[in-house]
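Q: One structure coming up, written as structure tokens, with questions to follow.
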Amino acid sequence: MGAVMALPTAAGGTHHILPAQAFELGPTTVAGGIPGFNVLNNVWYRDRTFFYLENEDAGEPVLSPDHLLTYSGSGSGTKGFERIQWEQSAATQHRRAEERSLGTKDTTILHGTTLFFNDGYDNKWSGYKWLYHMVAEALLGSLAVLSSVEPLPNDFALRAAAGDWASSTDRLAGGESEGLPDRLIVAWDQLWDARYGLPRTVAESVFGDDNLIEPDEWRDMSGDGWVYFERILLLDRSVSHRFNPLSQQWLKMALDAYQLAPSPDFFTPLRRALLSFYNIPSLTRPSPGMSVNFKRPKIVYVERQSTKRRFEAQVHEDLVKRLERLEKMGEAKVGLAVLEGMEKREQFKLFADADIILGIHGNGLTHELWMPSGGIMIEILPPGDFHYDYAPVSIALGHEHLIWQNDRLFPRDMWLPQNTGNGSLIHDGSSIPLDVDSLITMVEALVKSMTFSYH
């Protein structure tokens, strides 16, 4: 069993017994990130509390606990984030020989990078059960942030051996997946996969069962012992909304995070991992705005006619006929996505080689995640209504995003003034107006622009 160190409290007493590994692994450092998406190295956890081992001599930025997480005073959720003077703790290291007999319960060592999703405690809304909020916001934003920080050095095993502390009673966990975090902890939300199961499907295909840690598993893993994070990204929706300017302006949690990604390529490893899990080819577009296969562009129409957010029956019928005519004329391939009746693999496969996605504003448009970067999204909304949900996701992924309202494009310079506009129009159950002729005229022009030819 490794040696232990007493953690000093502000009053100079003892609050917890910290394993001596904390001295060998060093103080906590800030790797990067923004509020709600902070990335830290060398963090310890016990009894629903994170411990930040501060080194004043290093000149590290000091993060306010309020910029890190939202805290809970109940029996669920993170209780706090305590800052400890690392030098003061490390000064007790000379007592290691005498203290070996004290020991601690098992220490779980989580090497690599861990995503820690802090929302959903006390049954509060997290959005994790929705593909959009879980994957297009939380996961996409996390990957964007991680793509902006220096990668971890591959010397964890060497440091562990040099410190001679990874004893048989300690547990090491983690794996390697190039370009992706090592694990995801959904710490508190028991209902995170309650809708259709798509968030779970994505998480399991990317992280695997062993590295997807859910609330009950997290409770068992943390238990009464210590958990060490080599690197952790702390995701907290409320913190992002409180402190990030774009999140406040547009009412979306991950906008500031998307801005940190150096290019849309940051999402490629996750897209590739999911498609590989289902034995679906992962394609690359020859250049933005071109069809994937150099020939006929593929259009996917996301149909919502079985929901309250739909077209009049005749409008829908006319739209489908006009799209099918494009296919019969050899100008495009057309896929009809009735997602409610499709197996998950079918859904992913349908979008994996798409060039143009069109449909009424709704969660089904989140499948633009699987379209190769550089495609086109056409989001249909009623006039006078606008929601900045899928447009920023398109931008982060390298897609062109067009907003269509009845018979015309909705200009970008009106997006911010009209954001959330008359939101009842999309939610009140009334039919979505659409001039099919005007829309198809634009689609035909886009199809021609995407076709590659040397002639």
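The values are calculated or read from the model by the stated rules, or taken from the named source; none is laboratory data. The structure displayed is predicted, hence computed values, not measured ones. Counting neighbours? That spans all protein chains shown, and the Cβs are built from the backbone with ideal geometry, glycine included.
Q: Since residue 9 meets every condition but one in (1) over 22 Å from residue 225 (Cα atoms); (2) at pLDDT below 80; (3) not hydrophobic (A, V, I, L, M, F, W, C), which condition does it not meet?
A: Just one mismatch for residue 9, condition (1).
Q: Let me ask another. Being within 16 Å of residue 300 (Cβ to Cβ) and within 20 Å of the chain's Cα centre (by Cα), is that true of even one residue in segment 403-414?
A: no
Q: Name the pairs whose Cβ atoms lie under 8 Å apart, with the first residue in segment 115-135 and more than 18 Å from residue 270 (Cβ to Cβ), the second modelled with pLDDT under 95 and of a type in the set (Asp, Glu), and 6 or more positions between them or separate chains?
A: 129/193
Q: If you check residue 222 against the conditions, is it touching a Phe, Trp or Tyr at 6+ places or on another chain (Cβ under 7 Å), in contact (Cβ under 8 Å) with a residue 60 or more places away in the chain and either β-branched (Val, Ile, Thr) or more than 18 Å from residue 202 (Cα to Cα) (or both)?
A: yes
Q: Residue 198 - would you say it is touching a helix residue (DSSP H, G or I) at 6+ places or on another chain (Cβ under 8 Å), touching a residue at least 60 places away in the same chain (Cβ under 8 Å) and surrounded by fewer than 23 Cβ atoms within 10 Å (Cβ to Cβ)?
A: Yes.
Q: So is residue 441 among the β-branched types (Val, Ile, Thr), in contact with a Ser or Thr (Cβ under 9 Å, 6 or more places away or on another chain) and surrounded by fewer than 21 Cβ atoms within 10 Å (Cβ to Cβ) or not?
A: Criteria not met by residue 441.
Q: Does residue 347 qualify as being over 14 Å from residue 447 (Cβ atoms) and assigned to a loop (DSSP other than H, G, I, E, B)? Talk me through it step by step, then tell me what you get.
A: Working: over 14 Å from residue 447 (Cβ atoms): yes; assigned to a loop (DSSP other than H, G, I, E, B): no.
Criteria not met by residue 347.
Residue-by-condition table, conditions (1) in a helix (DSSP H, G or I); (2) under 24 Å from residue 277 (Cβ atoms); (3) at pLDDT 95 or above; (4) outside the structural domain of residue 47 (by TED's automatic domain parsing):
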{"residue": "169", "(1), (2), (3), (4)": "no, no, no, no"}
{"residue": "176", "(1), (2), (3), (4)": "no, yes, no, no"}
{"residue": "193", "(1), (2), (3), (4)": "no, yes, no, no"}
{"residue": "199", "(1), (2), (3), (4)": "yes, yes, yes, no"}
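Q: Next up: The conditions are (1) touching a residue at least 40 places away in the same chain (Cβ under 8 Å); (2) crowded, with 23+ Cβ neighbours inside 10 Å; (3) of a type outside the set (S, T, N, Q), and residue 381 fails exactly one of them. Which is it?
A: Here residue 381 meets the rest and fails (2).
Q: Another question about this same structure. Return the residues of segment 213-237 that are surrounded by fewer than 16 Cβ atoms within 10 Å (Cβ to Cβ) and either part of a helix (DSSP H, G or I) or of a type in the set (S, T, N, Q) (or both); say none if nothing qualifies.
A: Listed by number, the residues that qualify are 216, 217, 219, 220.
Q: Next question, about the same structure. Could you tell me which of the residues 432, 395, 426, 403 is farther than 26 Å from residue 295 by Cβ and either outside the structural domain of residue 292 (by TED's automatic domain parsing) or assigned to a strand (DSSP E or B) (or both)?
A: 403
Q: Only residues in segment 336-350 that are farther than 21 Å from residue 204 by Cβ and free of Cβ contacts under 8 Å to residues at least 24 places away in the same chain count as the first member; pair them with residues that are of a type outside the set (Ser, Thr, Tyr) and part of a helix (DSSP H, G or I), Cβ under 6 angstrom, at least 6 apart or cross-chain, and list the lot.
A: none
Q: May I pose another question? Could you please let me know if residue 149 is among the aliphatic types (A, V, I, L, M), modelled with pLDDT of 60 or more, in the same structural domain as residue 243 (by TED's automatic domain parsing) and farther than 19 Å from residue 44 by Cβ?
A: Judged against the criteria, residue 149 is a match.
Q: Listed residues 397, 350, 365, 425; which is touching a Gly at 6+ places or on another chain (Cβ under 9 Å), of a type outside the set (Ser, Thr, Tyr) and surrounded by fewer than 18 Cβ atoms within 10 Å (Cβ to Cβ)?
A: Details: 397 fails: surrounded by fewer than 18 Cβ atoms within 10 Å (Cβ to Cβ); 350 fails: surrounded by fewer than 18 Cβ atoms within 10 Å (Cβ to Cβ); 365 fails: surrounded by fewer than 18 Cβ atoms within 10 Å (Cβ to Cβ).
Result of the check over 397, 350, 365, 425: 425.
Q: Next question. Six or more apart or on different chains, Cβ atoms under 6 Å: show the pairs whose first residue is in segment 270-294 and in the same structural domain as residue 140 (by TED's automatic domain parsing) and whose second is modelled with pLDDT under 95 and of a type in the set (Gly, Ala, Ser).
A: none
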